[in-house]
Amino acid sequence: MTQLLLGEFTDQRRFVEAVRRARDAPCRVVEAYTPYPLEELSVAHSHRASRIRPVMFAGGVLTAALAYGLEYYSAVINYPYNSGGRPLDAWPTFMLVPFATGILVAAVCGFATFLFEAGMPYLSNPLFASGGFGGASQDRFMLAIECPQDNDDRSAAAEMLAGFGAISVREVQS
Amino acid sequence: MALPIPVEKSAESERWTLPEARSMEVVNAIVAAPLLERSSWSWRAWWIGFCVSLAATMAFLVTVFLVFYRGIGIWGVNSTVVWGFAIADYVWWIGIGNAGTLISSMLLLMRQRWRASTNRFAEAMTLFAATIAGIFPIIHLGRPLYFYWLTPYPNTMHVWPQWRSALIWDFWAILSYILFSILFWYVGLIPDFATMRDRAQKRGQAAFYGALALGWCGSSRQWQVYEKLHLALACLGVPLVVSLHSVVGMDFAASLMPGWQESIFPPYFVVGAMYSGFAMVACLAALVRWGFRMHGLITTAHFDVMAKIMLAASIIMGLSYATEWFNAWYGGERADRSLVMFEFAGHYAPLFWALLLCNVVIPQAFWWAGVRRSVAAVFVIAVIINIGMWLERILIIWNTLSHDYLPSAWRIFLPTIWDWMVTFGSLGLFALMFLVFVRVIPVVSMHEVRKLIAEGQSP
């Protein structure tokens, strides 16, 4: 459990500016929550590079290779069948199945990686219990910073967020 | 140099929304209120539609039961015209089923902002249409109980699927496409489910949407990986869609029948799919706009741009038809030339002329801006296009099979009541699924419209 100070903003510009200034201030910015993706935040927040696309690529290529392998095994080795004099390994007509299944499994791998990297699924989050956090999925912007232990420091951090333009500052647990 | 970009963004936002819907809270309210505050909405039209579509769905199920019980002989198919309404319906539905993902992913890759208001129900349309399309080849099989033989599995018969068969390609293409479309659709829905969870007034609603939202909280990390995934899925979606309908074209083009053995079929089928799909999206957009009073989010500008795409597609379709006729004449093959003559003057000629009227002539009205910006006119022409595209699907089958190489085998297809029941019944099933969708799931992508509005408001 981490104690957080959650600043709520109504204006996107002020919020982005607040995130930038909070990073320069002597406090740890934990996360920023927004109702739509903000490119500025991914620049301001140094998140680890996502592995979604490499995983998708690997999953797709591996599945396509397996699918082709299955076709080859069944049509050439296990059940060779002369279909109108065509070669047993009729690769142009074998392409569709690896292609379609490769894309499908790439998508599934991407989704699984997305869930893992986004820390989902979870059905309960202490943030949801804090009144007003629901605004982050609607029209509010939330900035979470680590809550100082000391009372004076905590007040100073809350004042700093208010100074950045937060309309409310709450203590929450994460 | 920084100034022109926000100005363009602002103009872009204002183009696709009306002033009364240019606030995030208003957008959330417009989309979420019908689902969360049901008592304050009149659902009379919805119930009427639900009852009618439920009756049509029952007719569909009765027909399917009869087909399973008595065989496909209850349809008008005969020993010459072995494919009939079921295969035409399959091609028509899969065409419509193609369009949602094609529209959504292609417009996403091309950064077309107007997709924000339309992609959700276009993708839903895809899902339902592709599901219905998947039913038809199965019920058309003489022995539908053996349809699982299409799958490769170790079996005591020691046989494997025939990988060179277009039927096997169909199976894998449709299966992959439906599952992919579900995933693509669901990923786009997750942030909106979170909005619904947070706006829900009742515990049950919050639990329902909360479970579907998977704990989404809108953190910058989540948005970062969400965007990565969504864009990657769009990149994969476009080739998958193109391959799917190309395969449907190959079902015909891989044969040796006159009129089917043409290399133009795959691209021609893909454009046809986009054409009928856009027509269906335009119809659904008009209905959603009317039913949910979304005039501020689905504007005449949306209909204008969709009409332009339909116009372009109608020209390509006209060109494709002309290419077929030219090839038949230029190739010099007797059967091909005879087939073209049969199309224009044979037994099905009135339907063929109607097809050209619906698909090529009437959509030329979209050259006029007044027609494009009239929702009623776009709706009517879109319905006509869908009828025309259905006629095209049925005539591709009827003409070739009724008039192949062997004159002694020429026969005509006469549809029975069960042919019509299965066709109109499938429309009912589609309507039923769509009505349930609009009652449960946000019909417009709220987070994308929020972003569109925010971009317009940023300096």
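What's the average, rounded to a whole number, of partner chain beta-carbon atoms within 10 Å of each residue's beta-carbon in B:260-272?
0
I need the Kirkwood Rh of the range B:176-316: take the reciprocal of the average 1/r across all distinct C-alpha pairs and report it in angstrom.
18.3 Å
So what's the projected area for the range B:240-353, the Cα convex hull averaged over all directions, in nm²? Before the final figure, lay out each step's value.
Values: hull surface 36.0 nm².
That works out to 9.0 nm², a quarter of the Cα hull's surface.
Ranking request for peptides B:420-428, B:60-68: highest mean number of other beta-carbon atoms within 10 Å first, then the rest in descending order.
B:420-428, B:60-68
To test your reading of the geometry: what angle, between 0 and 90 degrees and rounded to tens, separates the Cα axis of helix A:12-24 from the longest principal axis of chain A?
Long axis of A:12-24 versus the principal axis of chain A: about 80 degrees.
What's the Cα-based Rg to Rh of the range B:334-394, Rh via Kirkwood?
When Rh is taken as the Kirkwood radius, the ratio is 1.13.
Across 10 Å bins from the origin, how do the percents of Cα pairs in the protein assembly as shown run, short distances first?
3, 14, 23, 24, 17, 10, 5, 2, 0, 0
How far is the Cα center of the range B:130-158 from the Cα center of the range B:22-83, in Å?
The distance from the Cα centre of the range B:130-158 to that of the range B:22-83 comes to 25 Å.
Using the alpha carbon gyration tensor of the range B:247-307, what are the three equivalent-ellipsoid semi-axes (square root of 5 times each eigenvalue), largest first, in whole Å?
37, 10, 6
Let me understand the range B:286-429 better: what is its radius of gyration from the alpha carbons, and its Dmax, in angstrom?
Cα only, the range B:286-429: 18.6, 61 Å (Rg, Dmax).
Over chain B, what is the relative contact order in percent, taking alpha-carbon pairs closer than 8 angstrom and at least six residues apart?
Contact order relative to length: 33 percent.
For the range A:121-174, just run the numbers: alpha carbon Rg, then divide by 2.2 N^0.38 Å, N being how many residues it has. If you can, show how the numbers build up before the last one.
On the way: Rg = 12.3 Å, N = 54, 2.2 N^0.38 = 10.0 Å.
Rg over 2.2 N^0.38 Å, computed on Cα atoms: 1.23.
Which semi-axis lengths, in whole Å and largest first, follow from the square roots of five times the eigenvalues of the Cα gyration tensor of the range B:420-459? Present the calculation step by step, with values, prior to reporting the outcome.
Working: eigenvalues 280, 21, 3 Å².
After scaling each eigenvalue by five and taking roots: 37, 10, 4 Å.
Where does the range B:84-128 land on the Kirkwood hydrodynamic radius, alpha-carbon pairs, in angstrom?
11.0 Å
Taking a temperature of 4 °C and a viscosity of 1.567 mPa s, what whole-number D in µm²/s does Stokes-Einstein yield for the range B:35-92 with Rh from Kirkwood over alpha carbon pairs?
90 µm²/s
Report D for the range B:64-162 in µm² per second (integer): Stokes-Einstein, Kirkwood Rh on Cα pairs, 4 °C, 1.567 mPa s.
81 µm²/s
Tell me, what is a quarter of the convex hull surface for the C-alpha atoms of chain B, in nm² with one decimal?
25.6 nm²
Give the residue list of GluC sites (Glu not before Pro) in the range B:292-389 that are DSSP loop and have at most 16 other beta-carbon atoms within 10 angstrom.
Passing both the DSSP loop test and the Cβ count: B:GLU333.
Rounded to the nearest 100 Å², what is the sum over both chains of accessible area buried where A meets B, with a probe of 1.4 Å? Display every interim value, and only then the final one.
Numbers: alone 11390 and 20550 Å², together 26750 Å².
Answer for the A-B pair: about 5200 Å² buried.
List for the range B:198-233: residues with 40 Å² or greater reduction in accessible area, all protein chains versus chain alone, probe 1.4 Å?
B:ASP198, B:LEU214, B:GLY215, B:CYS217, B:SER220, B:ARG221, B:GLN222, B:TRP223, B:GLN224, B:VAL225, B:LYS228, B:LEU229
Would you please state the base-10 log of I(q)/I(0) at q = 0.11, 0.17, 0.19 1/Å for chain A, with intensities from the Debye formula using one equal scatterer on every alpha carbon?
-0.62, -1.03, -1.18
When every alpha-carbon pair in the range B:196-260 is counted, what percent end up more than 19 Å apart?
Summing the P(r) of the range B:196-260 above 19 Å gives 63 percent of all pairs.
Loop-only chymotrypsin sites (Phe, Trp or Tyr not before Pro) in the range A:92-145, please: DSSP not H, G, I, E or B, and at most 14 other Cβ atoms within 10 Å. Intermediate values should be presented prior to the final figure.
On the way: sites: A:PHE94, A:PHE99, A:PHE111, A:PHE114, A:PHE116, A:TYR122, A:PHE128, A:PHE133, A:PHE141; in loops: A:TYR122.
Sites meeting the loop and neighbour criteria: A:TYR122.
If I compute solvent accessible area with a 1.4 Å probe over the protein chains, what percent of it on the range B:208-307 is carbon and sulfur?
Values: 1850 of 2590 Å².
Exposed carbon and sulfur together represent 72 percent of the surface.
Using the per-residue mean of other Cβ atoms lying within 10 Å as a proxy for protection, in what order, highest first, do the peptides B:238-246, A:160-168, B:153-161 fall?
The most tightly packed comes first, giving B:238-246, A:160-168, B:153-161.
Ratio of Rg to Rh for the range A:71-161, alpha carbon only, Kirkwood?
1.45
At A:ALA90 and A:LEU66, where each label point lies 7 Å from the Cα along Cα→Cβ, what is the point-to-point distance in nanometres?
With each label placed 7 Å out from Cα toward Cβ, I get 2.6 nm.
Compute the normalised compactness of the range A:32-89: alpha-carbon radius of gyration over 2.2 N^0.38 Å, N being the residue count.
Normalised Rg, Cα atoms only: 2.20.
Filter the trypsin sites (Lys or Arg not before Pro) in the range B:49-128 to those in DSSP coil with at most 12 other Cβ atoms within 10 Å of their Cβ, and list the result.
B:ARG111
Angle between the Cα long axis of helix B:4-16 and the longest principal axis of chain B, 0 to 90 degrees, nearest 10?
Rounded to the nearest ten degrees, it is 70.
Find the centroid of the Cα atoms in the range B:401-459 and in the range A:36-92, then give the distance between the two in whole Å.
30 Å
How are the Cα pair distances of the range A:103-148 distributed, in percent, across 10 Å bins from 0?
Percent of Cα pairs in each bin: 20, 35, 29, 14, 2.
Just to confirm, what accessible area per residue do you get for the protein assembly as shown at 1.4 Å probe, in whole Å²? Mind showing how you got there, number by number?
On the way: 26750 Å² over 633 residues.
Solvent-accessible surface per residue comes out at 42 Å².
For the range B:349-444, how big is the tail of P(r) above 21 Å, as a whole percent of Cα pairs?
55 percent
With a 10 Å radius around each residue's Cβ, average the other Cβ atoms per peptide and rank B:271-284, B:135-148, highest first.
In descending order of packing, they fall as B:271-284, B:135-148.
The values are calculated or read from the model by the stated rules, or taken from the named source; none is laboratory data. What you see is a predicted model, and the numbers here were worked out from it, not measured in a lab. Quick reminder, even Gly has a Cβ in these numbers, built from the backbone with ideal geometry, and neighbours come from all protein chains shown. Please note that ligands, DNA and RNA were not included when accessible areas were found on the heavy atoms of the full protein model with its side chains. Shrake-Rupley method; radii C 1.70, N 1.55, O 1.52, S 1.80 Å.
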